[in-house]
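Student: Here you go, one structure.
The values are calculated or read from the model by the stated rules, or taken from the named source; none is laboratory data. Here the structure is a predicted model, which is why all the values come from computation and not from measurement. Cβ coordinates were reconstructed from backbone atoms using ideal geometry, including for glycine residues, and neighbour counts include every protein chain displayed.
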Amino acid sequence: MSLFASSLFDGISIGAVLLMSALGLSIVFGLMGVINLAHGEMMMLGAYTTYVVQNGAKALGGGLWLNLYIFPALVLAFVVAALVGLFLERNIIRLLYGRPLETLLATWGVSLILRQFVRSVSWGFVAGLVIFAVLFWGGRWVLQRFRPGGLGRMHQGAIALITLLSIGISVTAGYGLTGLGETSFWGKLWFSARNVDVTPPGWLQGGLSLGTVTLPYARLFIISLMVVCLVGIYWFLQRSPWGLRIRAVTQNRQMSACLGIPTDRVDALAFALGSGLAGVAGCAVTLLGSVGPNLGSNYIVDAFMVVVVGGVGQLLGSIVAAMGIGITSYLIGSGTLGFVLSNMGASFLQPVIDILDFFATSSMAKVMIFALIIGFLQIRPAGLFPQQGRSVDV
Amino acid sequence: MVSTLTTPQTPATANPMLHLQGLDVYYGESHILRQVDLTILPGQMVCLIGRNGVGKTTLLKSVMGLLQPRQGNIFYQGQSIVRRSPDQRAKLGIGYVPQGREIIPRLTVQENLQLGREAQRERKGGDRFDEMMDLFPALKDLLQRMGGDLSGGQQQQLAIARALMGRPSLLMLDEPTEGIQPSIILEIEAAVRRTIETTGISVLLVEQHLHFVQQADRYYAMQRGGIVASGSTEELSQDIIQEFLSV
Ligand SMILES: Nc1ncnc2c1ncn2[C@@H]1O[C@H](COP(=O)(O)OP(=O)(O)OP(=O)(O)O)[C@@H](O)[C@H]1O
Ligand SMILES: [Mg+2]
């Protein structure tokens with residue numbers, strides 16, 4: 001029984017991570033109808049930020065720093081992911097507004113780019129990016145500023161030339177610098193392509209013993225973090241002026257604009273907020289395992305399932321769905337459920353146990369969860385808690 | 001067929017509150033508004049009349065910025081606003097009560113009114129919440145109810161109160177009495193009249209209800225997307241009423 005209880009607890013902490021990343025997805029989808037396939041990579045960025053902060057703490061001499069680094073890491077993970085999200089919204093998603101398919105493809109592309117970015121980033125690589133940005137935007141700014149009257153078609157040509165030149169120069173510079181070799185300052189990879197490990201602070205190692213069950217502190221921390229995020233988001237959406245604006249635009253974009261709400265700023269803010277939450281989730285994940293470029297993709301599908309099952313923009317539904325999916329997939333995937341049932345020694349359960357054992361790997365557990373969700377959606381297509389009453393807008 | 005097409009007389013002294021100049025608006029390829037000219041002076045109440053589907057709502061949406069005219073210009077207080085977004089226009093002082101009211105359904109009445117404050121330009125103008133409670137006492141007991149759960153008449157009052165919360169200089173009302181019982185119509189009429197008297201704002205009203213139309217100073221009559229008649233409402237002839245209002 002204690003095995004069951006501790007597995008249940010582990011499942012809850014997985015659910016907590018899912019919930020933190022699903023909240024952002026749900027808010028953004030409700031507001032803009034955008035499915036952000038790069039959301040998982042925001043988690044990944046949060047996780048790598050944590051890794052960097054930890055290394056910074058080590059460089060500062062460890063000790064107290066190594067115990068407390070997790071708090072600045074949480075803040076920075078939020079900020080980094082939020083800024084990347086903001087950049088993404090301003091420069092890509094906003095341009096594809098009202099074109100869901102293109103948005104899907106574009107955000108998928110971004111997710112691939114971000115994954116490759118952490119694999120190959122080095123100072124030389126960054127230098128190439130900076131050179132490109134300076135040349136490209138600087139060139140366009142100069143063109144804008146000193147444009148001789150009526151360049152007309154020449155203007156297009158000039159932009160094309162600037163683009164080509166800045167790509168050429170920056171790629172050459174980047175290759176040249178990184179070509180100095182793995183051991184040089186410019187060529188050394190920031191993170192290796194393999195997974196890196198974040199050591200949890202000392203006070204998060206070990207666990208709380210309750211009789212025969214031990215609750216790991218790291219997982220307790222993640223669950224508390226989720227509660228804080230949840231309360232924060234609830235407060236923000238229900239009580240703050242920007243939360244009210246987000247809710248209004250979610251329900252009626254045109255009318256909200258007619259009332260004087262700057263809808264583009266609302267979009268940008270919500271997107272940054274959702275990405276930031278994913279960053280926090282990514283920071284939390286570092287306490288559970290190693291950090292790799294594909295970290296986000298392990299969670300993103302489940303996070304989408306949480307949104308689908310819980311219902312878009314439904315806080316309570318998301319909580320129940322996240323916990324349900326987190327716990328079920330953990331119990332099945334780790335084989336706990338089958339083990340517990342077989343210990344009960346009821347022979348008539350044998351077929352059930354065989355089935356559960358068959359699904360007792362994490363990828364097979366996902367298959368089973370999918371099947372369960374598809375079945376569930378046949379019964380309740382609008383999610384766990386569909387809107388009721390006059391205020392439903394179908 | 002009435003053909004008293006008159007160009008509006010704009011006194012050189014006052015900048016008109018709103019001036020539409022040769023407005024052409026399309027939905028995709030269908031030409032809806034054709035060369036519309038219209039002028040509203042400060043403090044004036046203007047009524048736009050016409051049968052169903054002639055383009056009255058389209059005109060208001062164009063003024064609000066929800067539709068972009070293909071040709072023509074919109075001047076608000078002497079300044080062209082065609083390049084402004086709807087939220088900027090709202091902040092400039094254009095209040096909009098759309099047809100169908102568009103109350104945000106899953107926000108409380110209180111929150112809907114709160115959203116009305118978004119457009120208020122000078123915060124020093126003071127809050128209008130108490131004024132609105134006086135103007136529409138029916139809303140007082142509903143503050144914590146969801147906007148979507150109100151009746152049509154209550155929603156209409158809320159929509160007007162919400163627009164007025166932003167202290168607009170120009171209030172646009174699109175068929176505020178549509179589908180509403182007579183006693184509430186009179187209440188809404190009285191509230192609009194009282195607002196004009198106390199605040200001196202301009203009003204652009206789209207209306208089918210003769211009694212309400214007669215409250216306006218001027219009327220413009222539309223047919224197939226163009227203005228075909230205009231004048232003082234005092235000289236609204238039986239012909240025009242027959243032609244443009246569904247009485
Ligand atoms: N979204 C739209 N797409 C295409 N055509 C539209 C759209 N909305 C309105 N129309 C057309 O534009 C014309 C004018 O519509 P509009 O809503 O402005 O009429 P209206 O004068 O307000 O009518 P009513 O008195 O019924 O409210 C109609 O012929 C209508 O079919
Ligand atoms: Mg209409």
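Student: Any residue in the stretch B:125-137 that is buried (at least 20 other Cβ atoms within 10 Å of the Cβ), away from every other protein chain (no Cβ under 13 Å) and in contact with a strand residue (DSSP E or B) (Cβ under 9 Å, 6 or more places away or on another chain)?
Tutor: No, the stretch B:125-137 contains no residue that is buried (at least 20 other Cβ atoms within 10 Å of the Cβ), away from every other protein chain (no Cβ under 13 Å) and in contact with a strand residue (DSSP E or B) (Cβ under 9 Å, 6 or more places away or on another chain).
Student: Could you tell me whether the stretch B:34-54 includes any residue that is within 16 Å of B:Pro168 (Cα to Cα) and within 14 Å of another protein chain (Cβ to nearest Cβ)?
Tutor: Within the stretch B:34-54, the first condition is being within 16 Å of B:Pro168 (Cα to Cα), and the residues that meet it are B:40-46.
Still in the running and within 14 Å of another protein chain (Cβ to nearest Cβ): none.
No, because not a single residue in the stretch B:34-54 is within 16 Å of B:Pro168 (Cα to Cα) and within 14 Å of another protein chain (Cβ to nearest Cβ).
Student: Among the numbered conditions (1) more than 9 Å from chain A (Cβ to nearest Cβ); (2) under 18 Å from B:Ile201 (Cβ atoms), tell me where B:Ala119 comes up short.
Tutor: Status for B:Ala119: all satisfied but (1).
Student: Just to be sure before I move on: is B:Arg167 at pLDDT below 95, within 14 Å of chain A (Cβ to nearest Cβ), in a loop (DSSP other than H, G, I, E, B) and surrounded by fewer than 17 Cβ atoms within 10 Å (Cβ to Cβ) in the structure I sent? Before the answer, list the steps.
Tutor: On the way: at pLDDT below 95: yes; within 14 Å of chain A (Cβ to nearest Cβ): yes; in a loop (DSSP other than H, G, I, E, B): yes; surrounded by fewer than 17 Cβ atoms within 10 Å (Cβ to Cβ): no.
It is false that B:Arg167 is at pLDDT below 95, within 14 Å of chain A (Cβ to nearest Cβ), in a loop (DSSP other than H, G, I, E, B) and surrounded by fewer than 17 Cβ atoms within 10 Å (Cβ to Cβ).
Student: Scan the stretch A:307-325 for residues that are in contact with a Phe, Trp or Tyr (Cβ under 7 Å, 6 or more places away or on another chain) and among the small types (Gly, Ala, Ser) and report the count. It would help to see each step written out before you state the result.
Tutor: Kept after step one, since they are in contact with a Phe, Trp or Tyr (Cβ under 7 Å, 6 or more places away or on another chain), are these residues of the stretch A:307-325: A:307, A:309, A:311-312, A:314-317.
Those left that are additionally among the small types (Gly, Ala, Ser): A:311, A:317.
Here the count works out to 2.
Student: Return the residue satisfying two criteria in turn: it lies in the stretch B:171-195 and is within 14 Å of another protein chain (Cβ to nearest Cβ), aliphatic (A, V, I, L, M) and within 16 Å of ligand 2 (Cβ to nearest atom), and of such residues it is nearest to B:Met17 (Cα to Cα).
Tutor: Kept after step one, since they are within 14 Å of another protein chain (Cβ to nearest Cβ), are these residues of the stretch B:171-195: B:171-174.
After this cut, where a residue has to be aliphatic (A, V, I, L, M) as well, the list is B:171-173.
Restricting the remaining residues to those that are within 16 Å of ligand 2 (Cβ to nearest atom) gives B:172-173.
Details: B:Met172: 12, B:Leu173: 16 Å.
Only one residue tops the list, namely B:Met172.
Student: Of the residues B:Leu186, B:Leu171, B:Leu142, B:Leu164, which is more than 18 Å from A:Asn252 (Cβ to Cβ), away from ligand 1 (no atom under 16 Å from the Cβ) and in contact with a His (Cβ under 9 Å, 6 or more places away or on another chain)? Even if it seems obvious, please write down each step before you answer.
Tutor: On the way: B:Leu171 fails: in contact with a His (Cβ under 9 Å, 6 or more places away or on another chain); B:Leu142 fails: in contact with a His (Cβ under 9 Å, 6 or more places away or on another chain); B:Leu164 fails: in contact with a His (Cβ under 9 Å, 6 or more places away or on another chain).
The match here is B:Leu186.
Student: Within the stretch B:49-79, restricting attention to residues that are assigned to a strand (DSSP E or B) and under 25 Å from A:Ser256 (Cβ atoms), which residue is nearest to ligand 2 (Cβ to nearest atom)?
Tutor: In the first step, residues of the stretch B:49-79 are kept if they are assigned to a strand (DSSP E or B); the result is B:49, B:71-76, B:79.
Going one step further and asking which of them are under 25 Å from A:Ser256 (Cβ atoms), we end up with B:74, B:76, B:79.
Values: B:Ile74: 19, B:Tyr76: 21, B:Gln79: 27 Å.
That would be B:Ile74.
Student: Which helices (runs of 4 or more DSSP H) does the stretch A:220-313 wholly contain that include 2 or more residues that are within 14 Å of chain B (Cβ to nearest Cβ) and of a type outside the set (Val, Ile, Thr)?
Tutor: Values: elements: A:241-251, A:253-258, A:263-285, A:295-310.
Where helices (runs of 4 or more DSSP H) fall fully within the stretch A:220-313 and carry at least 2 residues being within 14 Å of chain B (Cβ to nearest Cβ) and of a type outside the set (Val, Ile, Thr), they are A:241-251, A:253-258, A:263-285.
Student: From A:Val280, A:Val309, which residue is under 13 Å from the mean Cα position of the chain (by Cα) and touching a residue at least 60 places away in the same chain (Cβ under 8 Å)?
Tutor: Values: A:Val309 fails: under 13 Å from the mean Cα position of the chain (by Cα).
After ruling out the rest, the residue left standing is A:Val280.
Student: Against the condition of a type in the set (A, V, I, L, M, F, W, C), closer than 22 Å to B:Ile94 by Cβ, away from ligand 2 (no atom under 15 Å from the Cβ) and modelled with pLDDT of 95 or more, how does B:Leu204 come out, does it pass? Give the steps one after another, and end with the answer.
Tutor: Details: of a type in the set (A, V, I, L, M, F, W, C): yes; closer than 22 Å to B:Ile94 by Cβ: yes; away from ligand 2 (no atom under 15 Å from the Cβ): no; modelled with pLDDT of 95 or more: yes.
Criteria not met by B:Leu204.
Student: Given the conditions (1) touching a residue at least 40 places away in the same chain (Cβ under 8 Å); (2) within 16 Å of ligand 1 (Cβ to nearest atom); (3) in a loop (DSSP other than H, G, I, E, B), and given that B:Tyr96 satisfies all but one, which numbered condition is not satisfied?
Tutor: Failed condition: (3).
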